Amino acid sequence: MDTDRLIETLSSGLQPVRPLRAPMIRALLWLAAVGALSTALILRFADLAVFWQRVSVPRTAIECIGAALTAVTAVIGAFEMSVPGRSARWGWLPMPPFLLWLAASGAGCLANGLSLYGADGFIGESGSCFVFIAAVSVPLSLGLFWMLRRARPIAPAPVATLGTLGAAASAAFILQFFHPFDVTVIDLTLHLAAVALVMLIGGLARRPLLAAA
Amino acid sequence: MSTAPTPEERDRSWSLLMSAAQSGDRRAYERLLREVTPFIRALVRRHCSNHADIEEMVQDTLLTVHRVRQTYDPRRPFSPWLAAIAARRSIDALRRRLRVSRHEAPEAGVYETFTDAAANNDLEAVRSAEEVGQLLQRLPARQRQALQALKLQELSLAEAAAASGQSVAALKVNAHRALKALRSLFAPRTP
């Protein structure tokens, strides 16, 4: 088919479409929905007294802020990069808060004397953290991908990476409300392993999940 | 005397045409696609000099524009949106070509047939079109669709992509996989 005939074919079969809302608005909608849902769960199930006691330590507060900002910026970056013509710099937006989150968690490990053992032994409660982040990230990622796929990203890899990072960081932030002990090396490793696992799965399934164009 | 539009005027005009196209205006859409084709061709030439490859990249870009037209925000300039799609599709095509050239080499003898009937056993192993049809049914739907469109109906990549809703890249991959799968289905028949 020559290009002229292709143009005729495309224009004769044209159907009206509703332009997508601005990526920032769509990102804020997703964050608001997740924020409302997690607030309800936290108010119902979390021990807030323990949480407030933990975040009274600046290092832990910075860790929480780092995780929350990583989630927010990664989700905004994913929505921005799902649309053609947006700056690739959106992809780097979550990097500073991610490093902050990592640094604060690392400082927590140092404060614990780089002990490989938590209160409950080598793995102990850290295994539950891994399961929590992985399990909570899955529905969050699916909801996020459902919204992102409307844009049919032309470059799905960065969108999937940022999206899954956003979902996993959201899960890690929510985890802070159910995490009554300080971070150990094993704990941090398992947190990061859960985030990496979610990003890997999202990355591998990016084309069908995002309906890439 | 009319003067050529400035890039800003041209962009504004394309933006209005795309906005009308999003509302379903077919004439505006056709005019837009015709007007942007030389612009896309110029962008694609930065990545490639082969005429046939350029046209394939232009058509792939037009198909992608069609698929993602809902992502254009009429409040923003049109050209960067279009240029990003053209650049992406050009890079995809170049990567694809690189991948293929790494793993495949043209073989002159592959289409050769022989006057001695006994030498053509492989071809005769497939006894009828009906038999081929039955084997095709055993392929996954997208692979079957790609093979039927490209090899049996002999549609061009652009035509097949427009008809199937698959991207050109996906069609190529699915057709390649389908041929590979068919080869393995034929294999037990050959002595």
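Observations
- Pairs linking a residue in region B:134-162 that is part of a helix (DSSP H, G or I) to a residue that is open to solvent by 100 Å² or more (accessible area, probe 1.4 Å), with Cβ atoms under 6 Å and 6 or more positions apart or on different chains, are B:Q143/B:R177.
- Taking every residue in region A:32-45 that is touching a residue at least 12 places away in the same chain (Cβ under 8 Å) and pairing it with any residue that is exposed (fewer than 14 other Cβ atoms within 10 Å of the Cβ), at least 6 positions away or on another chain, the pairs with Cβ-Cβ distances below 8 Å are A:I42/A:L48.
- Whichever residue in region A:189-208 is open to solvent by 30 Å² or more (accessible area, probe 1.4 Å) and touching a Ser or Thr at 6+ places or on another chain (Cβ under 7 Å) and, among such residues, is farthest from A:S105 (Cα to Cα): A:M199
- Residue in region B:6-24 that is facing another protein chain (nearest Cβ under 7 Å) and under 17 Å from B:A158 (Cα atoms) present: no
- Residues (surrounded by fewer than 19 Cβ atoms within 10 Å (Cβ to Cβ) and more than 17 Å from B:L17 (Cα to Cα)) located in region B:56-77: none
- For A:M1, the conditions (1) open to solvent by less than 10 Å² (accessible area, probe 1.4 Å); (2) at pLDDT below 95; (3) within 14 Å of chain B (Cβ to nearest Cβ) all hold with the exception of (1).
- Restricted to helices (runs of 4 or more DSSP H) entirely inside region A:1-94, those with at least 2 residues that are in contact with a Pro (Cβ under 6 Å, 6 or more places away or on another chain) are A:58-81.
- Set B:P80, B:P38: member being surrounded by fewer than 17 Cβ atoms within 10 Å (Cβ to Cβ) and more than 10 Å from chain A (Cβ to nearest Cβ): B:P38
- When we screen B:A86, B:A93 for residues that are among the small types (G, A, S) and at pLDDT 95 or above, the only hit is B:A86.
- Checking A:T161 against (1) among the hydroxyl-bearing types (S, T, Y); (2) closer than 30 Å to B:H66 by Cα; (3) surrounded by fewer than 21 Cβ atoms within 10 Å (Cβ to Cβ), the condition it does not meet: (3)
- Within region B:40-72, the set of residues being outside any helix (DSSP H, G or I) and modelled with pLDDT under 95 comprises B:R46, B:H47, B:C48, B:S49, B:N50.
Quick grid of which residues meet (1) over 16 Å from the mean Cα position of the chain (by Cα); (2) among the hydroxyl-bearing types (S, T, Y); (3) under 22 Å from A:L69 (Cα atoms); (4) at pLDDT below 85:
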{"position": "A:A104", "(1), (2), (3), (4)": "yes, no, yes, no"}
{"position": "A:N112", "(1), (2), (3), (4)": "yes, no, no, yes"}
{"position": "A:V136", "(1), (2), (3), (4)": "no, no, yes, no"}
{"position": "A:A157", "(1), (2), (3), (4)": "no, no, yes, no"}
{"position": "A:T164", "(1), (2), (3), (4)": "no, yes, yes, no"}
{"position": "A:L175", "(1), (2), (3), (4)": "no, no, yes, no"}
{"position": "A:V195", "(1), (2), (3), (4)": "no, no, yes, no"}
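- The set of residues in region B:85-106 that are surrounded by fewer than 18 Cβ atoms within 10 Å (Cβ to Cβ) and part of a helix (DSSP H, G or I) comprises B:I91, B:L94, B:R95, B:R96, B:R97, B:L98, B:R99, B:V100, B:S101, B:R102, B:H103.
The values are calculated or read from the model by the stated rules, or taken from the named source; none is laboratory data. Since the model is a prediction, treat every value here as computed from it, not as a measurement. Note: ideal-geometry Cβ built from the backbone for every residue, glycine included; neighbour counts use all protein chains shown. The area values use the complete protein model at the heavy-atom level, side chains included, leaving out ligands, DNA and RNA. Shrake-Rupley method; radii C 1.70, N 1.55, O 1.52, S 1.80 Å.
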